[in-house]
Amino acid sequence: CGGAALDGSRRYYFGGSQGGILGASLMALTTDIERGLLAVPGQSYNLLLNRSVNFDPFAAQIYARYNWNALDMQMNLALIQGLWDRAEPTGYSKYIRSNRLPGTPPHEVLIQVSRADHQVTNLGAHIMARTIGGVVNLAPTIRDVWGLEVVAGRHRGSAMLEIDFGNPDPPLTNIPHWGDDMPDPHGRATELRNIGATLGSFYATGVAENPCDGPCDADDLL
């Protein structure tokens, strides 16, 4: 056709799982992108690892190699977190919307959370939302999240949307969600058509909206 295949004036970020986690760092640093999706994200890694089914095989090797117990693991993850802060979102997410880094434009993010995620604990996503600051919980909500304002209708700015796939609640303790034999909801939300339409609207206008008539049950979404 002789023209560009992509419109370089419209640049957005879509990151899920590790892309949602480290995408928060990118959204704080980027000078090219102003709106992004952080799907099933979380921070910090010393919180996420113990609760992730993905860390199980690595944890087993660490326990065996160093003869650690669970307390040893927790203490050492806390110590090494100071090194990880230099790259992961714990060191950057607070700069996404406010206290912006020099030369960076205003950024807004849509945080998508799959309730009872097996791989990235929802606790990490909630911490990320509070750390970013100004992130609202889009109503109707599946639950209240401490520190997040609940907003109904269309919202211009950063927001969080939680989706319930019917999985049982994860353990309160810092262990993986071993007891859940239902499919892992981790990557399922971004496959829902209505979620895609909501994301497209956010990219284009900066306005976030809950596509559900009630608390977001995946069975009610296309």
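Observations on the structure shown:
- Complete set of residues in the range 26-38 that are touching a residue at least 60 places away in the same chain (Cβ under 8 Å) and over 14 Å from I127 (Cα atoms): M27, A28, L29, T30, T31, I33, E34, R35, G36, L37
- Residue match in the range 129-136 (condition: small (G, A, S), modelled with pLDDT of 95 or more, at positive phi and out of contact with any Pro (no Cβ under 9 Å at 6 or more places or on another chain)): yes
Here is a yes/no grid of residues against (1) assigned to a loop (DSSP other than H, G, I, E, B); (2) basic (K, R); (3) more than 24 Å from Y13 (Cβ to Cβ):
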site: I111; (1), (2), (3): no, no, no
site: D117; (1), (2), (3): yes, no, no
site: G124; (1), (2), (3): no, no, no
site: W146; (1), (2), (3): yes, no, yes
site: G187; (1), (2), (3): yes, no, no
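- Top-ranked residue of the range 176-211 - restricted to ones that are at pLDDT 95 or above and of a type in the set (V, I, T), ranked as farthest from E34 (Cα to Cα): V207
- Filtered by the rule that a residue be surrounded by fewer than 15 Cβ atoms within 10 Å (Cβ to Cβ) and not in a strand (DSSP E or B), the range 152-174 gives A152, G153, R154, G166, P168, D169, P171, L172, T173.
- Positions within the range 39-67 being in contact with a helix residue (DSSP H, G or I) (Cβ under 6 Å, 6 or more places away or on another chain), over 21 Å from G179 (Cβ atoms) and not aliphatic (A, V, I, L, M), in sequence order: P41, Q43, S44, Y45, N46
- Residue check for G15: without any contact (Cβ under 8 Å) to a residue 24 or more places away in the chain, closer than 30 Å to S98 by Cα and among the small types (G, A, S): no
- Checking A139, A70, A87 one by one, the residue that is under 24 Å from H177 (Cβ atoms) and not basic (K, R) is A70 and no other.
- Within the range 47-106, if we keep just the residues that are among the β-branched types (V, I, T), over 30 Å from E34 (Cβ atoms) and surrounded by 14 or more Cβ atoms within 10 Å (Cβ to Cβ), the residue that is modelled with the highest pLDDT turns out to be V53.
- Whenever a residue of the range 101-115 is in contact (Cβ under 8 Å) with a residue 24 or more places away in the chain and closer than 21 Å to V136 by Cβ, its partners that are part of a loop (DSSP other than H, G, I, E, B) and aliphatic (A, V, I, L, M), lying with C-beta atoms within less than 6 angstrom and at least six residues away or across chains, give the pairs H107/I96; S114/V40.
- The test for being under 25 Å from D184 (Cβ atoms) and at pLDDT 95 or above holds for P41.
The values are calculated or read from the model by the stated rules, or taken from the named source; none is laboratory data. Remember, it's a predicted structure, so these values are computed and weren't measured experimentally. Here Cβ is always computed from backbone atoms with ideal geometry, including for glycine, and neighbour counts include all displayed protein chains.
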